[in-house]
Amino acid sequence: MKKTFIMATAAIVSATAFAAAPAPTVKFISTEQIVTMCKNKGNPQDQGYCGGFGQGVYDGYLQMIHPKKTRQTICIPQDSKDPGIVEAFIKWTEANPKYNNKPASEAVLNFLDQRYPCKK
């Protein structure tokens, strides 16, 4: 009986502590932060993150498109190699500073939407 009481008390205390814990703050990488990394040509880690981030955002976009429910707006040709895409993105962000403090994924998607629009 004593063990049951102790276990029940522990469970209640744990549940109360969990319920009282503040919700985690969602952090995102800002456009300004990703552009800083993309500009840092001397750092292979930043360059890898820059390219991988952009590819990840685009891959995520493709996974979210449902062919019967959502119209695809970004159409990058699968055989396309665009060596100047990072520089074009940096230039685009300089012309669109309103994205600097917004999530970088939002800026990437807007940039790609303008650079590679789907044909109607």
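Could you tell me which numbered condition Met1 fails, if it satisfies all but one of (1) modelled with pLDDT under 95; (2) surrounded by 10 or more Cβ atoms within 10 Å (Cβ to Cβ)?
(2) is the only condition that Met1 fails.
Give me the pairs: first residue in the range 91-120 and closer than 15 Å to Ile34 by Cα, second residue surrounded by fewer than 17 Cβ atoms within 10 Å (Cβ to Cβ) and among the acidic types (Asp, Glu), beta-carbon distance under 7 Å, and six or more apart or on different chains, which are they?
Tyr99/Glu106; Asn100/Glu32; Asn101/Glu32
Residue by residue, here is whether (1) modelled with pLDDT under 95; (2) in a helix (DSSP H, G or I) holds:
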{"site": "Ile34", "(1), (2)": "no, yes"}
{"site": "Gln45", "(1), (2)": "no, yes"}
{"site": "Asp59", "(1), (2)": "yes, yes"}
{"site": "His66", "(1), (2)": "yes, no"}
{"site": "Lys69", "(1), (2)": "yes, no"}
{"site": "Pro77", "(1), (2)": "yes, no"}
{"site": "Ile90", "(1), (2)": "no, yes"}
{"site": "Glu94", "(1), (2)": "no, yes"}
{"site": "Ser105", "(1), (2)": "no, yes"}
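Mind listing whichever residues of the range 47-69 are farther than 14 Å from Phe89 by Cβ and in contact with a helix residue (DSSP H, G or I) (Cβ under 7 Å, 6 or more places away or on another chain)?
Of everything in the range 47-69, just one residue is farther than 14 Å from Phe89 by Cβ and in contact with a helix residue (DSSP H, G or I) (Cβ under 7 Å, 6 or more places away or on another chain), namely Tyr61.
Suppose we filter the range 56-90 for residues that are closer than 17 Å to Met37 by Cα and either in contact with a Lys or Arg (Cβ under 8 Å, 6 or more places away or on another chain) or among the aliphatic types (A, V, I, L, M) (or both); how many remain?
Looking only at that region, the number is 5.
So, of the residues in the range 26-76 that are of a type in the set (Phe, Trp, Tyr) and more than 14 Å from Val86 (Cβ to Cβ), which turns out to be surrounded by the most Cβ atoms within 10 Å (Cβ to Cβ)?
Looking at residues that are of a type in the set (Phe, Trp, Tyr) and more than 14 Å from Val86 (Cβ to Cβ), I get Tyr61.
The values are calculated or read from the model by the stated rules, or taken from the named source; none is laboratory data. All values derive from a computational prediction rather than experimental measurement. Using ideal geometry, Cβ is built from the backbone for each residue, glycine included, and neighbour counts are taken over all protein chains shown.
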